[in-house]
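Here the structure is laid out as structure tokens; the discussion comes afterwards.
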Amino acid sequence: MALIKRKWTAHEADEWTKEDWIAIVISPFSYILICMGLAMSFFLLPLGFLLLGIGIVITFIMFFVIDPKLKAVSSGYEKKQHEYLKELERIQRWEEK
Amino acid sequence: MVHFAPLDYFWTIAYLILMIGAGTIFYRLGKRSESDFFLAGRGLPWWLPAISNFATHTATDTPMWFSGLVYQKGLYGMWYSLFAGWCAISAWVSTRIFRRSLAGTQAEWQTQRFSGLGAELLRGWLAGWQVALSMFIAGWVGIAMGNVCHYAFGWPLWYGLVIFSTLCTIYVIAAGYWGVIIADVQQGITMLIVIILVSIWAAIAAGGPSHIVASLKQMGQNEMLNPFRMTGFMSGDYPALWMITMIVVPFLGGFGMATHFDWFVEAQRIQSARSIRDASYSIWWGTATVIVRNAIWGIAILALYVMTSGKLSAKEAQLGWFIVGFKFFPVGMVGFFFAAILAIHISSIAGILNLGSMYATRDLYHHYINPKATEKKVVWVGRVMTVVVLLGSFFFGMMIGDNIIDWLFFALWLMIAGTWLPNILQVIWWRFNSWGYLSAWIANLGICWLVVWVLPAFGIIPDLPDYQQFWLLIILVAAVYIPITFLTKPDDMDRLVKLYVQTRPIGFWGPVKREAERRGLLQAIDEIDRKAEQMA
């Protein structure tokens, strides 16, 4: 079994899995490192370039991990969305309840 | 005072026509339906709401408080701007859940997440709250424009507040969210280009990056380049607990919904995206651009610090970025800079007016007052409500005056402190019910004013630092909603099961999941998925 699952069915992608948690953990670090790294890089500080570099690499890893799953979640859900929307429009009206 | 050459007038007038025209031209799309007027038909590719996200969150007040903080604290001040970090986790968690719910607004989500009278009260409460908050934010952003025009042209504050917000209302009324999105795209691109140009100009004027670093060292302000400085856990000007608060609160807030008031704006963009993936990417990349923007601003402000030897007063420093643009841009480009300020201003105001109107129309008028209203009538009410929110913003704008930063921290952090945890619990914990959530909102509203303003004024509690006020509010409000949650019944299982099957929330939903399995609902959904995959 691969460390990172890259092929998903819509059914499998509905569950929260380690791929989600990898994205959840990496994402804040990505923002912090890019923000601070870029700001420090503008002043040509070596630490800034290091932080920015790490930020870009982990951002790439994050999207590599989460994108296949998001595609599967989306394609599976969009098929049901129409029915859900119709139902939602019905319950939207206060007097019909 | 800023002097305008004829070319500067040309830039300003041409850009105003372009902005209003680009928005208004989508009049026909905006009037097609309620969904078009408020959600652009729910079919946008991710990059459109992403640019809109960036444009809306780059408001006239943003460079003001950002300049004030970075001028005072150096790169350390950038931590304040990371409140936008809630999108880091939200993009992969609450955005996905909310997009699957298909709720048009956060208020509408309440009647999907909760049940019975409590849910309806919450929907009404959140809708009313959001209408008022939209007025407040539009007023706050509007008066920031008033301050900029006062600095640049010597106008009375209310000129800048009223003139430009009124002009952008034209395309919001005409084309609704379609107009907002389309105008945001050209406004977002324009403002990013100008932000980069101003920083380049400022860095050159200050002698380049190396000279700025050397000057800061000479001035004994080397630490201004260190965003990670600390003076102890809770002591000194840079306590570790402050930084921990600034990291933990926004980022973990991404597990919930409405943990930051920007969520309400994002919720509209999430539902306007054409798929879950598009919604997630729009949130992540829109905020990533905000974060890059902050880094670009940083060099302009520190360049100004060096050029002014750090001698600007706090109020002057708030106008730092504007001073750089007006002073260092060449003649003929000053008008282009002012056009970019207009883009910054109008994109935020337009988005907020449409948002406030959506809550007033969709959640108050259409849900409670006239559920049988035709699409045409709803769109018209939407237009009227846009004007109502605009007028309310004038009142709040004049109330705030030139006190932008003082209001910022209160509005951004403390007014939502007590509801921060409940906003997460509503997503991750099935047992958190409508009465617990409603009590949290009401208790927070009272307690935040007491802790921040009233009790310190009477000397009953000391005037605490903002991050300590935040944690204190979390504890005090929790003392209200946790007992209420356990003393009242859970929400109706039918409603919870329906929500679970549709949105698949993260966290502690065990009993609801088991009930959905017992009813065969998850298996039925999975069967639909399998059949669809086989057919594909």
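Throughout, read-outs are computed from the coordinates displayed, never taken from laboratory work. The structure presented is a predicted model; accordingly, all values stated were derived computationally and were not measured. Neighbour counts run over all protein chains shown; Cβ positions are idealised from the backbone, glycine included.
What translational diffusion coefficient, in µm²/s and rounded to a whole number, does the Stokes-Einstein relation yield for segment B:80-195 at 4 °C and a viscosity of 1.567 mPa s, taking the hydrodynamic radius as the Kirkwood radius over Cα pairs? Spell out each step's value before the answer.
Numbers: Rh = 17.4 Å.
Rounded to a whole number, D works out at 75 µm²/s.
How much length, in nm to one decimal, is gained on full extension between B:Ser313 and B:Trp47, taken as 0.36 nm per residue of separation minus their Cα-Cα distance?
Numbers: separation 266, 0.36 × 266 = 95.76 nm, distance 3.96 nm.
Extra length available between B:Ser313 and B:Trp47 comes to 91.8 nm.
Sum up the charges of everything whose Cβ sits under 15 Å from the Cβ of B:Leu161, counting Lys and Arg as +1 and Asp and Glu as -1, but leave B:Leu161 out.
Details: positive: none; negative: B:Asp61, B:Asp402.
Its environment carries a net charge of -2.
What are the radius of gyration and Dmax of the protein assembly as shown, computed over its Cα atoms and given in Å?
Radius of gyration, then largest Cα-Cα span, for the protein assembly as shown: 24.2, 74 Å.
How shielded is B:276-282 by partner chains, expressed as the average number of their Cβ atoms within 10 Å of its Cβ atoms?
Details: counts 11, 11, 2, 2, 6, 3, 0.
Partner Cβ neighbours, averaged per residue: 5.
Pop a pseudo-label 7 angstrom from the Cα along the beta-carbon direction at both B:Val248 and B:Leu521 and give the gap in nm to one decimal.
Taking the simple label geometry, B:Val248 and B:Leu521 are separated by 3.5 nm.
At 0.36 nm per residue, minus the direct Cα-Cα distance, what do B:Met219 and B:Leu487 gain on full extension? Give it in nm, one decimal, please.
Numbers: separation 268, 0.36 × 268 = 96.48 nm, distance 6.05 nm.
Between B:Met219 and B:Leu487, full extension yields 90.4 nm more.
Roughly how crowded by other chains is peptide A:7-15, in terms of the mean Cβ count from those chains within 10 Å of each of its Cβ atoms?
Numbers: counts 0, 0, 5, 8, 9, 2, 3, 7, 1.
Neighbouring Cβ atoms belonging to other protein chains average 4 per residue here.
How well do other chains shield peptide A:65-77, expressed as the mean number of their Cβ atoms within 10 Å of each residue Cβ?
Rounded to a whole number, the mean comes out at 5.
Return the inverse of the average 1/r over all pairs of distinct C-alpha atoms in chain B, which is the Kirkwood hydrodynamic radius, in Å to one decimal. All intermediate terms of the calculation are to be shown ahead of the outcome.
On the way: mean 1/r = 0.0415 Å⁻¹.
Hydrodynamic radius (Kirkwood, Cα pairs) of chain B is 24.1 Å.
Taking amide H positions as placed in the peptide plane 1.01 Å from N, state which residues far from B:Ala273 in sequence (5 or more) or on other chains have amide H under 5 Å from it.
The list, which skips near neighbours in sequence, is B:Leu44.
State, as an integer percentage, the relative contact order of chain B based on alpha-carbon contacts under 8 Å between residues 6 or more apart. Each step should come with its number before you reach the end.
Details: 904 pairs, mean separation 154.4, N = 536.
Relative contact order of chain B: 29 percent.
Separation between the B:Val388 and B:Trp453 pseudo-spin-labels, each 7 Å from Cα along Cα→Cβ, expressed in nm?
The modelled label-to-label distance comes out at 2.4 nm.
Spin-label point model (7 Å from Cα, Cβ direction): what's the B:His211 to B:His3 distance in nm?
Calculated label separation equals 2.4 nm.
At R0 = 25 Å, how high is the FRET efficiency between B:Ile475 and A:Val25 if r is their beta carbon distance? Nearest 0.05 is fine. Please report the intermediate quantities before stating the final value.
On the way: r = 27 Å, r/R0 = 1.09.
It comes to 0.40.
Could you list the trypsin sites (Lys or Arg not before Pro) in segment B:286-360 that lie in coil according to DSSP, counting only those with at most 11 other Cβ atoms within 10 Å of their Cβ? Walk me through the intermediate numbers first.
Values: sites: B:Arg293, B:Lys311, B:Lys315, B:Lys327; in loops: B:Lys311.
Loop-located and lightly packed - B:Lys311.
Sequence gap of 8 or more, or different chains, plus Cα separation below 17 Å: how many lysine pairs satisfy both in segment B:6-402?
On the way: B:Lys31/B:Lys376; B:Lys31/B:Lys377; B:Lys73/B:Lys217; B:Lys73/B:Lys311; B:Lys73/B:Lys315; B:Lys217/B:Lys311; B:Lys311/B:Lys327.
Pairs that pass both the separation and distance tests number 7.
Karplus couplings for segment B:95-112 from phi (6.51 cos²θ - 1.76 cosθ + 1.60, θ = phi - 60°), rounded to Hz, Gly and Pro as x?
Taking θ as phi minus 60°, the curve returns 4, 4, 5, 5, 5, 5, 5, 6, 4, x, 9, 5, 5, 5, 3, 4, 7, 9 Hz for segment B:95-112.
What do you get for the angle between helix B:209-218 and the principal long axis of chain B? Use alpha-carbon atoms, 0 to 90 degrees, nearest ten.
It works out to around 80 degrees.
Just order A:11-18, B:2-9 by mean Cβ neighbour count inside 10 Å, highest at the front, would you?
On the way: A:11-18: 16.1, B:2-9: 14.2.
Per-residue mean Cβ counts within 10 Å order the peptides as A:11-18, B:2-9.
Less than 13 Å from a label point 7 Å out along the Cα-to-Cβ axis of B:Ala14: which backbone N atoms in segment B:321-336 qualify, by residue?
Those under the cut-off are B:332-336.
To the nearest 0.05, how large is the calculated FRET efficiency for B:Met399 and B:Leu117 if R₀ is 30 Å and r is the Cβ-Cβ distance?
Working: r = 34 Å, r/R0 = 1.14.
Once rounded, the FRET efficiency stands at 0.30.
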